[in-house]
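Below you'll find the structure, written out as structure tokens, and then a few comments.
The values are calculated or read from the model by the stated rules, or taken from the named source; none is laboratory data. The shown structure was predicted, so the numbers you read here are calculated from the model rather than taken from an experiment. Every residue, glycine among them, receives a Cβ derived from its backbone with ideal geometry; neighbour counts consider all protein chains shown. The area values use the complete protein model at the heavy-atom level, side chains included, leaving out ligands, DNA and RNA. Shrake-Rupley method; radii C 1.70, N 1.55, O 1.52, S 1.80 Å.
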Amino acid sequence: AQSVTQLGSHVSVSEGALVLLRCNYSSSVPPYLFWYVQYPNQGLQLLLKYTTGATLVKGINGFEAEFKKSETSFHLTKPSAHMSDAAEYFCAVSDPSGAGSYQLTFGKGTKLSVIP
Amino acid sequence: KAGVTQTPRYLIKTRGQQVTLSCSPISGHRSVSWYQQTPGQGLQFLFEYFSETQRNKGNFPGRFSGRQFSNSRSEMNVSTLELGDSALYLCASSSPGTSTNTGELFFGEGSRLTVL
């Protein structure tokens with residue numbers, strides 16, 4: 001079974017500082033990797049995804065992530081934090097379960113606080 | 001294009017009752033998945049439906065069931081509610097069967113169930 005580990009359940013950064021949210025995964029096959037964001041009382045919104053090709057993936061709102069197979073990592077970064085980035089972030093790996101069915105395995109989430 | 005719609009958004013039930021949650025996927029999406037989100041367990045996969053058939057199921061007791069209709073709308077049902085069933089239930093749709101399918105999910109805003 002696949003698993004996803006997000007280091008740090010809470011991360012605080014100052015406005016304008018670098019955001020770095022860590023994600024490591026375990027997978028026996030080449031994975032598809034995702035970062036989702038969740039604002040209070042809302043569902044999950046896709047930030048970015050890695051499928052194949054370029055290992056540096058750019059997403060919405062200035063976020064990007066780099067797939068490093070040797071480190072089994074997919075860390076999320078943003079050069080300069082904005083107050084609106086305060087939310088909970090989830091890393092997920094896609095687990096092809098056969099017959100075209102995909103199941104996402106999520107990390108526990110990292111709550112990002114941005115300090116003015 | 002309308003997103004994934006879940007109803008009701010909030011509901012309160014008492015132990016022993018049952019509940020039915022509804023999900024309308026994005027138009028054209030034929031796969032619907034359900035996830036349970038709790039502070040302790042995080043996001044956990046319940047089941048996935050495609051063309052009115054359950055294609056994949058997570059590790060939940062039989063009290064949790066679902067179905068999908070010919071128009072791809074889905075419902076999930078929880079019988080004999082327990083306090084631990086209090087959670088945010090998220091529905092997600094996707095469009096599998098295409099060459100770009102990677103398991104990317106589009107989530108609704110969720111149905112928050114409180115069991116008293």
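A compact table of results
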| read-out | value |
| --- | --- |
| Members of segment B:11-35 found to be among the hydrophobic types (A, V, I, L, M, F, W, C) and within 20 Å of A:GLN42 (Cα to Cα), listed by number | B:LEU11, B:ILE12, B:LEU21, B:CYS23, B:ILE26, B:VAL32, B:TRP34 |
| Cβ-Cβ under 6 Å pairs, at least 6 apart or on other chains, segment A:9-31 side under 16 Å from A:SER80 (Cα atoms) and open to solvent by less than 80 Å² (accessible area, probe 1.4 Å), far side at pLDDT 95 or above and part of a loop (DSSP other than H, G, I, E, B) | A:VAL13/A:ALA81; A:GLY16/A:SER80; A:ALA17/A:ALA81; A:VAL19/A:ALA81 |
| Among the candidates B:GLU75, B:GLU104, residue that is modelled with pLDDT of 95 or more and open to solvent by 20 Å² or more (accessible area, probe 1.4 Å) | B:GLU75 |
| Criterion: under 29 Å from A:LEU47 (Cα atoms), without any contact (Cβ under 8 Å) to a residue 12 or more places away in the chain, more than 8 Å from chain A (Cβ to nearest Cβ) and of a type outside the set (Ser, Thr, Tyr) - qualifying residue of B:GLN54, B:GLN41, B:GLN68 | B:GLN41 |
| Pick from segment B:1-22, criterion away from every other protein chain (no Cβ under 11 Å) and open to solvent by less than 20 Å² (accessible area, probe 1.4 Å), ranking: nearest to the chain's Cα centre (by Cα) | B:LEU21 |
| Looking only at segment B:53-72, and only at residues there that are among the small types (Gly, Ala, Ser) and open to solvent by 40 Å² or more (accessible area, probe 1.4 Å), the one that is farthest from B:SER111 (Cα to Cα) | B:SER70 |
| Residue count for segment A:40-73, restricted to those that are within 10 Å of another protein chain (Cβ to nearest Cβ), in contact (Cβ under 8 Å) with a residue 40 or more places away in the chain and more than 13 Å from the chain's Cα centre (by Cα) | 0 |
| Single residue of A:PRO79, A:PRO40, A:PRO30 found to be modelled with pLDDT of 95 or more and either at positive phi or not basic (Lys, Arg) (or both) | A:PRO79 |
| Qualifying residue in segment B:31-45 (condition: open to solvent by less than 10 Å² (accessible area, probe 1.4 Å), hydrophobic (A, V, I, L, M, F, W, C) and over 29 Å from B:THR14 (Cβ atoms)) | no |
| Flag for A:LYS49 being touching a helix residue (DSSP H, G or I) at 6+ places or on another chain (Cβ under 9 Å), at negative phi and of a type in the set (Lys, Arg) | no |
